[in-house]
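Trainee: Sharing a structure below in structure tokens format, with a few things to ask.
Laboratory data are not the source of any read-out in this text; all were calculated from the coordinates shown. Fair warning: this is a prediction, and the values are worked out from it, not measured in the lab. Positions of Cβ are generated from backbone atoms using ideal geometry, with glycine treated the same way; all protein chains shown enter the neighbour counts.
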Amino acid sequence: MAAVRDYKTALQHLESFERKDGLSVEELMDSQTRGGLTYNDFLILPGLVDFPSHEVKLQTKLTKKISLNTPFVSSPMDTVTEADMAIHMALLGGIGIIHHNCPADEQAAMVRKVKTYENGFINSPVVIAPTTTIGEVRRMKEEYGFSGFPVTENGQFPGKLLGLITSRDTQFLEDDTIPVSEIMTKNPVTSLHGITLSEGNEILKKTKKGKLLVIDEAGNLVSMLSRADLLKNQDYPLASKSATTKQLLCGASIGTIDTDRIRLAKLVQAGLDVVVIDSSQGNSIFQLNLIKHIKETYPDLEVIAGNVVTREQAANLIAAGCDGLRIGMGSGSICITQEVMACGRPQGTAVYNVCQFANQFGVPCMADGGIGNIGHIVKAIALGASTVMMGGLLAGTTETPGDYYFRDGKRLKSYRGMGSVDAMQKGAASASRYFSEADKVFVAQGVAGSVVDKGSIKKFLPYLYNGLQHSCQDIGVRSTQALITEAQNGNVRFEFRTASAQLEGGINNLHSYEKRLHN
Ligand code: IMP
């Protein structure tokens, strides 16, 4: 038996070991010896805790130019992200990518809804003409989700301000043909351009009005403040907003067929911040040409390209000029691509290899698919991802499209793959993600199913946020950025997980239990 050492020499003795305990990320991800790994195949070893978890910073980059306060992104799927999800993802510090399995005008209207849902100044308010009828105003209320419209002389923005219509003016009117000029408020509360947000807030408080219209010296409408938005603003300190316009950030997906260029023009007009080129196999000549077109036509628009799982795929898209990459092929919870196409890659290995390469060019990467819990998010980041895209984890929340229904005593919502026959039959956009738009017989790469009610993301995202902070604390890193760098430097250590280790890490030997994730 080895001699017992003096306990005071433990730290010196540690230094005498040639290697640190555990594996470096490079050793872990050596696919020649171990094959491809998924998130469940490994663990991160604990470090030293010398700071409180609430100090852990989660700021990250979505693209070269866009930063977020959290790494959370909702997937462009028609059972996950429409306007409501995108608004709340942005309010809570992430971003929503609005799906394109719908007509272009519908998708653009959703983008506009997110962009006009602004807590601060609304810099491109939707305006109407004096000749607009009450019936049209009611239709616009349905489309945009709000009911206060400034009236300008030419019905355009910018334009000379004539008055304001709100739901109070139209509520009890039965004749839909009356023009707004007859019933609008002709002297709404206005303020001169240059006013600060807090000054505007004070005016709204004093006047007890719902809208403050900001005008220039010539009486042209410049922007507008909404009382309800100002109140909401205080509740969302992490909100993802444009630094200049204060509008919420919004993303949307498009495909790579010709009509997608027309679609994109409409989305840009609606105020889109970032476009995600949605393809299951991103390394195509169609996508490379599309990136070049976007960069030439809309130099300020950020482009996330993908999907990719190898560094060769990534290199082509980086060379074409993309501002971010989306990683994953076959790892989604509704996905059967690997089974049917024999093509794809285990997600841990895909994220590691692509991030290793792309991060050298300053191109942030998003780990897309297979995120089933907080641990998976932490692991994706430790492998180099800046953000995570979630479909299944957010499915079933209040903000997803679709209604709840009951089956087997459970409250459920639908969740389906965009490559499922159901989704491909609904829209050509979904089929084009899989290059299937011309097919007579669809080859499904996804399934349609259901998930249980998860409540609102107003509670679920803060749960993910806090969980991520606690995990970083256990690992001993003060930020997600530090997690990436310290893993790279070999200071954050890993362990491969055998099949029995995975069993051990699960719940064992209970007669029954309830798995509640948060209060
Ligand atoms: P999840 O978060 O594991 O549910 O995976 C969501 C991701 O799966 C999406 O963001 C897409 O990249 C991918 N995906 C969506 N629909 C399909 C499909 O039908 N087949 C394969 N992958 C899909």
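Trainee: Provide the FRET efficiency to the nearest 0.05 for the residue 504-residue 141 pair, computing r from the beta carbons and using R0 = 60 Å. Walk me through the numbers before you get to the answer.
Mentor: On the way: r = 57 Å, r/R0 = 0.94.
Once rounded, the FRET efficiency stands at 0.60.
Trainee: Another question, if that's okay. Using the charge dipole of region 356-465 (Lys, Arg: +1 at Cβ; Asp, Glu: -1 at Cβ; taken about the Cα centre), state which of 435, 445, 381 has its Cα farthest towards the positive end.
Mentor: 381
Trainee: Which ³J(HN,Hα) values in Hz, rounded to whole numbers, follow from the phi angles of region 402-407 under the Karplus curve 6.51 cos²θ - 1.76 cosθ + 1.60, where θ = phi - 60° and Gly and Pro get x?
Mentor: Each residue of region 402-407 in turn: x, 9, 6, 9, 9, 8 Hz.
Trainee: Can you tell me the orientation of helix 347-358 relative to the chain, as the angle in degrees between its alpha-carbon axis and the longest Cα principal axis, to the nearest 10?
Mentor: 70 degrees
Trainee: Sticking with this structure for a sec: Could you please rank 343, 322, 335, placing first whichever residue has the fewest other Cβ atoms within 10 Å of its Cβ?
Mentor: Listing 343, 322, 335 from fewest to most nearby Cβ atoms yields 343, 335, 322.
Trainee: Further question on the same structure: Give, rounded to the nearest 20 debye, the magnitude of the charge dipole that the chain has about its Cα centre when Lys and Arg contribute +1 at Cβ and Asp and Glu contribute -1 at Cβ.
Mentor: Here the chain has a charge dipole of around 620 debye.
Trainee: Calculated FRET efficiency, residue 33 and residue 10, Cβ-Cβ r, R0 45 Å, to nearest 0.05?
Mentor: 0.90
Trainee: Separate question: With θ set to phi - 60°, apply the Karplus curve 6.51 cos²θ - 1.76 cosθ + 1.60 along region 139-156 and write out the HN-Hα couplings as whole Hz, x wherever there is a Gly or Pro.
Mentor: Whole-Hz 3J(HN,Hα) from phi for region 139-156: 5, 5, 4, 4, 5, 8, x, 9, 10, x, 10, x, 9, 10, 3, 9, x, 10.
Trainee: Another question about this same structure. With axes computed from alpha carbons, what is the tilt in degrees of helix 197-207 against the longest principal axis of the chain, rounded to the nearest 10 within 0 to 90?
Mentor: Between helix and principal axis, roughly 50 degrees.
Trainee: So for the pair residue 496, residue 196, with labels modelled 7 Å out along Cα→Cβ, what separation do we get in nm?
Mentor: That separation, rounded to one decimal, is 6.0 nm.
Trainee: Quick one: Cα centre-to-centre distance for region 354-408 and region 458-499, in angstrom?
Mentor: After rounding, the separation between the Cα centres reads 15 Å.
Trainee: Also, I was wondering about something else. Quick one: longest stretch of the chain between exposed loop chymotrypsin sites (Phe, Trp or Tyr not before Pro), exposed meaning at most 10 other C-beta atoms within 10 Å and loop per DSSP?
Mentor: The reported range is 173-512.
Trainee: I want the antiparallel fraction of DSSP beta bridges within the chain, as a percent rounded to 5.
Mentor: Here the antiparallel bridges make up roughly 50 percent for the chain.
Trainee: Once label points are set 7 Å from the Cα along Cα→Cβ at both residue 168 and residue 456, what is their separation, rounded to one decimal in nm?
Mentor: 2.6 nm
Trainee: What relative contact order, as a whole-number percentage, does the chain give when Cα pairs under 8 Å and 6 or more residues apart are counted?
Mentor: Reported as a whole number, the value is 21 percent.
Trainee: Something else about it: Please tell me the relative contact order of region 364-519 in percent, rounded to the nearest whole number, where contacts are Cα pairs under 8 Å and at least six residues apart.
Mentor: Relative contact order for region 364-519 comes out at 21 percent.
Trainee: Right, another one. Within the chain, which is the longest segment containing none of the GluC sites (Glu not before Pro) that sit in a DSSP loop and have at most 10 other Cβ atoms within 10 Å?
Mentor: 218-513
Trainee: Next question. Can you run phi through the Karplus equation (6.51, -1.76, 1.60; θ = phi - 60°) for region 39-50 and list ³J(HN,Hα) in whole Hz, with x for Gly and Pro?
Mentor: Rounded to whole hertz, the list is 4, 6, 7, 8, 10, 9, 7, x, x, 9, 9, 9.
Trainee: Here is a follow-up. Only residues of region 480-499 count here: report those whose backbone N is under 17 Å from the spot 7 Å along Cα→Cβ of residue 26, or say none.
Mentor: Correct set: 484-495.
Trainee: Tell me which residues come under 5 Å, amide H to amide H, from residue 162 once H is placed; ignore anything under 5 positions away on its chain.
Mentor: The list, which skips near neighbours in sequence, is 151, 152, 153.
Trainee: A further question follows. Report the percentage of all Cα-Cα pairs in region 124-186 whose separation exceeds 16 Å, rounded to a whole percent.
Mentor: Summing the P(r) tail past 16 Å for region 124-186 gives 34 percent.
Trainee: Under the rule of -39500 (n - 2.57) per DSSP H run of 4 or more residues, summed and divided by the residues of the chain, what mean residue ellipticity at 222 nm is obtained, to the nearest 500 deg cm²/dmol?
Mentor: Here the helix-only value at 222 nm equals -9500 deg cm²/dmol.
Trainee: Evaluate E = 1/(1 + (r/R0)^6) for residue 300 and residue 3, where r is the Cβ-Cβ distance and R0 equals 56 Å; express this FRET efficiency to the nearest 0.05. Could you put the intermediate results ahead of the total?
Mentor: Details: r = 69 Å, r/R0 = 1.23.
My answer for the efficiency is 0.25.
Trainee: Tell me which lysines have Cα within less than 17 Å of residue 115's Cα, excluding those fewer than 8 residues away on the same chain?
Mentor: Here the lysines satisfying the reach criterion relative to residue 115 are 141, 232, 241, 246, 266.
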